[in-house]
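> Let me give you the structure first, and then I'll get to my questions.
The values are calculated or read from the model by the stated rules, or taken from the named source; none is laboratory data. For clarity, every value in this text was computed on a predicted model and none was experimentally measured. Positions of Cβ are generated from backbone atoms using ideal geometry, with glycine treated the same way; all protein chains shown enter the neighbour counts.
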């Protein structure tokens, strides 16, 4: 007689404050004392940062070392007094006015808050007297640290900027900021990069009229960061893709945002959200250090509003797509034949999902797209895949977008900001309870019959039965 092993998994809903995403902030919130420092564009009084009257210069390295030391004892808030903070790649009166860099800062238990003293009035601006010259481009604000909230800053300026803000590290949130009228941004108004960055959140901020060509984005994320969350922002008129998650950027959330294109900025419309790859290394002649770009495939896009104009202005009106530009790479066939495109357009859903996962590395079971709203004429309101040859690559016969919406999850999984921010941490928490059978396991077949008693995240209790007889109940599979 065949034995049936059944694993019954009981789920429960966790509040965000109990999730790992909020644990650092919750610890800090329980601490009653917060050390305060004050900085300004120019120092005043004793210039030691002890009070608004004695504000330190915001670039004072001694001040920031005192902040680092204070974080060992308690949470710290650094207040930027109202005023214009002028930035330029060119020094003035012997003073550096270029990139404002904060590195190796933060504490895992004591939160650092860097903020404008008031919600309005702290303005970071490029020097309006500088020429509009791309050779003078620079980054405005570079941050690398942990457990930090950055808020109440307002960025603007006509001059060329590579990145307005770069955010690296872990558990870093940029909130309640504005990026308005920055027409010569080259790469990004904000963004994060590389494998050592995770839990980077952009929320409750405003982006309007950013960039001068297709390379500029409102948030540009690339090269392996994990847990990048874009929540409750307003985006209007970008010269490139509005929000980009390139090359191994994974476990992303885009929730509760408004994306708007008027069609008048740079006389075009652009795609709102992209997961792009740019494979410019020829696999037949890769050179000494080829870089193969691959998709991050854990994507949650929910409760957003996408607005395109009600006219015939040009450009792209696709709200979201996966893209490969360039070559196929070892282990992946990104470029499509006409037959493969027909499979994705008209084939069985399970066949589509298998093809996407095996050929492209896109797992439709962990791409969530639900409760979004689209307005405007001729909007591509779906999830698409798009690949075309470039950099000398030869095509395979198809280079147009293909709708893959029916191969991803469109049923609701989150309803609130708190649920969205906790979603991927809860998902990974649930996954750690599953394990493939080991060679020494005393079972005669590898297939487990799994019964889900409830569909809410995350897993909190496991019951193991054999032929309906209880064998184990606990927190993990033993």
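> Quick one: in region 198-212, which of the residues that are assigned to a loop (DSSP other than H, G, I, E, B) and in contact with a helix residue (DSSP H, G or I) (Cβ under 9 Å, 6 or more places away or on another chain) is surrounded by the fewest Cβ atoms within 10 Å (Cβ to Cβ)?
It comes out as 212.
Every residue, every condition in (1) surrounded by 24 or more Cβ atoms within 10 Å (Cβ to Cβ); (2) over 22 Å from residue 377 (Cα atoms), yes or no:
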{"residue": "231", "(1), (2)": "no, yes"}
{"residue": "248", "(1), (2)": "no, yes"}
{"residue": "263", "(1), (2)": "no, no"}
{"residue": "266", "(1), (2)": "no, no"}
{"residue": "280", "(1), (2)": "no, yes"}
{"residue": "285", "(1), (2)": "no, yes"}
{"residue": "295", "(1), (2)": "yes, yes"}
{"residue": "301", "(1), (2)": "yes, no"}
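> Across region 184-197, what is the number of residues that are surrounded by 19 or more Cβ atoms within 10 Å (Cβ to Cβ) and over 17 Å from residue 89 (Cβ atoms)?
7
> May I ask you to list the residues in region 130-163 that are outside any strand (DSSP E or B) and within 21 Å of residue 40 (Cα to Cα)?
139, 140, 152, 153, 157
> Restricting region 112-160 to residues that are over 26 Å from residue 38 (Cα atoms) and touching a strand residue (DSSP E or B) at 6+ places or on another chain (Cβ under 6 Å), which is surrounded by the fewest Cβ atoms within 10 Å (Cβ to Cβ)?
Per the criteria, the residue is 137.
> Please work out if residue 293 is part of a loop (DSSP other than H, G, I, E, B), over 29 Å from residue 418 (Cα atoms) and within 21 Å of the chain's Cα centre (by Cα).
Yes: the conditions hold for residue 293.
> Of the residues that sit in region 164-183 and are out of contact with any helix residue (DSSP H, G or I) (no Cβ under 9 Å at 6 or more places or on another chain) and in a loop (DSSP other than H, G, I, E, B), which one is surrounded by the fewest Cβ atoms within 10 Å (Cβ to Cβ)?
The extreme case among them is 176.
> For the list (1) farther than 30 Å from residue 391 by Cβ; (2) buried (at least 19 other Cβ atoms within 10 Å of the Cβ), I need the number of the one condition that residue 310 fails.
(2)
> Another question, if that's okay. Restricting to strands (runs of 3 or more DSSP E) lying wholly in region 38-106: which have 1 or more residues that are within 29 Å of the chain's Cα centre (by Cα), in contact (Cβ under 8 Å) with a residue 60 or more places away in the chain and surrounded by 15 or more Cβ atoms within 10 Å (Cβ to Cβ)?
Counting at least 1 such residues, we get 76-80, 83-87.
> State the number of residues belonging to region 238-257 that are assigned to a strand (DSSP E or B), touching a helix residue (DSSP H, G or I) at 6+ places or on another chain (Cβ under 7 Å) and at negative phi.
Adding up the residues that qualify gives 2.
> Separate question: How about region 15-37: which of its residues are in a loop (DSSP other than H, G, I, E, B) and either surrounded by fewer than 20 Cβ atoms within 10 Å (Cβ to Cβ) or at pLDDT 95 or above (or both)?
Selection gives 15, 30, 31, 32, 33, 34.
> Of everything in region 313-331, what is surrounded by fewer than 19 Cβ atoms within 10 Å (Cβ to Cβ) and in contact with a helix residue (DSSP H, G or I) (Cβ under 9 Å, 6 or more places away or on another chain)? Give them in sequence order.
313, 314, 315
> Of the residues 470, 446, which single one is modelled with pLDDT of 60 or more, more than 21 Å from the chain's Cα centre (by Cα) and farther than 30 Å from residue 268 by Cβ?
Result of the check over 470, 446: 470.
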